[in-house]
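Contents: one structure, followed by commentary.
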Amino acid sequence: LLQADAQDDLALERVEFYLDNELFLTLWQPPFAGLWPAEPGEHTLLVRVYDLAGNSSEQRVSFEILR
């Protein structure tokens, strides 16, 4: 389960999940979570959040699945 705790003082437009530089999931309302069929190896997750004013913020996490 990939999950982001995203919030804004007014409202969010959308949350995008990128896995290994490819768009995996776009969500427009909470909960901002989705299932990913885990694959062994090193991966990078980027979560990009957009608010209604068009501002964005992102967080990147690298992780490894051993088996």
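The values are calculated or read from the model by the stated rules, or taken from the named source; none is laboratory data. A quick note: this is a predicted structure, and the numbers were derived from the prediction, not measured. A quick note on method: Cβ atoms are made from the backbone with ideal geometry, for glycine too, and the neighbour counts reach across all protein chains shown. To get the accessible areas, we keep the full protein, side chains included, count just its heavy atoms, and leave off ligands, DNA and RNA. Shrake-Rupley method; radii C 1.70, N 1.55, O 1.52, S 1.80 Å.
Restricted to region 1-48, and to residues there that are acidic (Asp, Glu) and open to solvent by 90 Å² or more (accessible area, probe 1.4 Å), the residue that is farthest from Gln59 (Cα to Cα) is Glu39. Taken over region 49-63, the criterion of being of a type in the set (D, E, K, R) and either within 17 Å of Leu1 (Cβ to Cβ) or open to solvent by less than 80 Å² (accessible area, probe 1.4 Å) (or both) is satisfied by Asp51 alone. For region 1-29, a residue qualifies if it is outside any strand (DSSP E or B) and without any contact (Cβ under 8 Å) to a residue 12 or more places away in the chain, and the qualifying residues are Gln7, Asp9, Gln29.
I'd like to verify a number: residues in region 23-49 that are over 11 Å from the mean Cα position of the chain (by Cα) and either β-branched (Val, Ile, Thr) or at negative phi (or both), how many? So that I can check it myself, show each step before the final result.
Taking region 23-49 and keeping what is over 11 Å from the mean Cα position of the chain (by Cα), we get 28-31, 35-43.
Still in the list and also either β-branched (Val, Ile, Thr) or at negative phi (or both): 28-31, 35-40, 42-43.
Looking only at that region, the number is 12.
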